[in-house]
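Below is one structure; the comments refer to it alone.
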Amino acid sequence: MFADLPKFVFFTGKGGVGKTSLACAAALRLAERGAAVLLVSTDPASNVGHVFGVAIGNRITPIPGVAGLEAIEIDPERAAADYRERIVGPMRGVLPEKALASIEEQLSGACTTEIAAFDEFTALLTDPELVDRYDHVIFDTAPTGHTIRLLRLPGAWSGFLEAGKGDASCLGPLAGLDKQRARCAAAVARLADAATTRLVLVARPRRSALAEAARTARELAALGIGNQHLAINGLMPAEDDPDPLAAALARRDRAALAAMDPELARLPRSEFPLRSENIVGIEALRRLAAGDPEPLAAHAPEEAPLARSLPTLGELIDEIERPGKGLVMFMGKGGVGKTTMAAAVAVELAARGHEVLLSTTDPAAHLAETLNERVPGLTLSRIDPAAETERYRAHVLETKGKELDPEARALLEEDLRSPCTEEIAVFQAFSRVIRESGRHFVVLDTAPTGHTLLLLDATGSYHRDVLRHAPASAQGRIVTPMMRLQDPEKTKVVVVTTPETTPVLEAAELQEDLRRAGIEPWAWIVNASLAAASTTSPLLRARAAAEAPLIARIRDRLAVRYAVVPMRAEEPIGRERLRALCRRGGPVAQPERRSLAG
């Protein structure tokens, strides 16, 4: 993959798949072959500086010991804050505080952060003096197809939000780009230029991750970005290993690759094996780029001491069960196992004699495959995101869009294709299900983010509408879905992550979003942990030891209570395997203040 790279290379993929490691390895490889290279990170979880052992930040910095390699880390959060102020600042003292608060919330989501970061690196893509200085510019994290489509749209960016044309969730950020339209258009055109640009899709060898990569590949190809390369990272070595877990993980990875989307399978592909060492330092990057073996013996502990000291999912369910009813909502980034965790908790509660409604936005076939059988006491409810979103879009276009001119309507239609729109539409469907949690257990998979909940509240959607139109006599008795989510007696929000750096950081950011919306997460689940598994594989033992500081951070700084679910040799499909994830054992699920490393 590191041979014959064009001038611009973008690494994209979900959090935790290894984009930064591969981007750094590519940059190092090119520089050591004599090229002048600029490495640009726009990843909120960027650790490029940590990888190279040098403070970088928002300035071009030479990498010590590597002639020709320089790097810059664009801080998306700072870029977004500056970006918001550029838009909101001129309105201070002009608009009422309530209106300013609504605009600021609309500018607080992921779309603003991404567009602000894109605004920063468009300068790098389009500055002739800067571009001419380097043979290669490597980007860690690329813009999504949604952002590219937004930036391609002509016209009325500035003033769209202020004019109130549609309660836009993503168009507000574009107001700040109004004066840079030509530069943005040039940057988007460069992305689509196959002669100078390659987009590397990074994915783990998992069915869900490969399905997501296939969707991304199709979406970008439809936008004219066709020079794509697939990088499979973290592939379990296929050598015969007497350890049952290692052998099962190797079979699982190969089965996922064999079943991948045919269009994705036709892309040029590179495969990188799972490594025990953290990819930190120039020597580790050289080994990764060259495919050299790592010094495994130095990383493999004699024994894995963590498994006996970690709280289990079963103990967490003991606390969930205590009230006898209520709402349990699972939240987290894609690929961390939310659906499996929700199904496991729902099956276990049903097995303990409770009536349970499990509702999910996953396709019904996937949930049916996970359960694989009828479970007494458990009812399934499918919310179809596509149908709910289409219904919501049609309603907005009919009520908000019919008076718009064609240019403004095109902007509104693109805004309604954003992830925020789907979350709002799905939340409205969830609201119908939430009411049932007053009678029995309701387990919800794939919930809206804190930003979306705040956006709903700030724009007066549903929660305030209900309160405003309710008669005075009913004010004290009304419980809206938003109020139920904010009530810890009625709702338990569970944040799901995997024990890897980027997923934990993303889960922590999600938790802060929820707190801004007045929702305090009840617990964390660390899924697919090797530290909680039983293994004799030196590779997996070394990976387990590397989880220790992340689990310690969750226990000591992030979670009120937590549970750790072990990596399993078999896919958790069917009632018995799901219940196996919930076995009790070990100490109570409340965090204890002691070292995990001992």
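The values are calculated or read from the model by the stated rules, or taken from the named source; none is laboratory data. These numbers were taken from a predicted model, which means no experiment stands behind them. FYI the Cβ positions are ideal-geometry reconstructions off the backbone, even for glycines, and counts take in every protein chain you see. Ligands, DNA and RNA are excluded from the accessible area calculation, which covers all protein heavy atoms including side chains. Shrake-Rupley method; radii C 1.70, N 1.55, O 1.52, S 1.80 Å.
Before moving on, here are some points about what is shown:
- Some residue of segment 427-444 being touching a Lys or Arg at 6+ places or on another chain (Cβ under 8 Å), in a strand (DSSP E or B) and modelled with pLDDT of 80 or more: yes
- Sole exception among (1) open to solvent by less than 20 Å² (accessible area, probe 1.4 Å); (2) out of contact with any strand residue (DSSP E or B) (no Cβ under 8 Å at 6 or more places or on another chain) for Leu199, by number: (2)
- Scanning segment 381-400 for residues that are of a type in the set (Val, Ile, Thr) and either assigned to a loop (DSSP other than H, G, I, E, B) or crowded, with 17+ Cβ neighbours inside 10 Å (or both) yields Ile383, Thr389, Val396.
- Against the list (1) in contact (Cβ under 8 Å) with a residue 60 or more places away in the chain; (2) closer than 30 Å to Gly281 by Cα; (3) exposed (fewer than 15 other Cβ atoms within 10 Å of the Cβ), the condition Leu38 fails is (3).
- Taking each residue of segment 408-435 that is among the polar types (S, T, N, Q) and looking for partners that are outside any helix (DSSP H, G or I) and surrounded by 19 or more Cβ atoms within 10 Å (Cβ to Cβ) with beta-carbon atoms closer than 7 Å, six or more apart or interchain, yields Ser418/Ser169; Ser418/Cys170; Thr421/Ser169.
- Any hit, segment 557-566, residues being in contact with a Ser or Thr (Cβ under 9 Å, 6 or more places away or on another chain), surrounded by 22 or more Cβ atoms within 10 Å (Cβ to Cβ) and either part of a loop (DSSP other than H, G, I, E, B) or among the β-branched types (Val, Ile, Thr) (or both): yes
- Restricting Ala246, Ala238, Ala255, Ala250 to those that are more than 22 Å from the chain's Cα centre (by Cα), free of Cβ contacts under 8 Å to residues at least 60 places away in the same chain, over 23 Å from Val9 (Cα atoms) and buried (at least 18 other Cβ atoms within 10 Å of the Cβ) reduces the list to Ala250.
- The residue pairs whose first member lies in segment 60-75 and is loosely packed, with under 14 Cβ neighbours inside 10 Å and assigned to a strand (DSSP E or B), whose second member is of a type in the set (D, E, K, R) and modelled with pLDDT of 90 or more, and whose beta carbons are closer than 7 Å, counting only pairs six or more residues apart or on different chains, are Pro62/Glu70.
- Enumeration of residues in segment 536-547 that are open to solvent by 10 Å² or more (accessible area, probe 1.4 Å) and out of contact with any Pro (no Cβ under 8 Å at 6 or more places or on another chain): Pro538, Arg543, Ala546
- Asp362 vs. criteria acidic (Asp, Glu), closer than 20 Å to Glu422 by Cβ and at pLDDT below 80: yes
- Taking the criterion of being open to solvent by 30 Å² or more (accessible area, probe 1.4 Å) and either touching a residue at least 40 places away in the same chain (Cβ under 8 Å) or of a type in the set (D, E, K, R) (or both), the residues of segment 117-140 that qualify are Glu120, Ala123, Thr126, Asp127, Glu129, Asp132, Arg133, Asp135.
- Of the residues making up segment 30-54, those that are more than 23 Å from the chain's Cα centre (by Cα), at pLDDT 90 or above and either more than 20 Å from Val9 (Cα to Cα) or not small (Gly, Ala, Ser) (or both) are Leu30, Glu32, Arg33, Val37, Leu38, Phe52, Val54.
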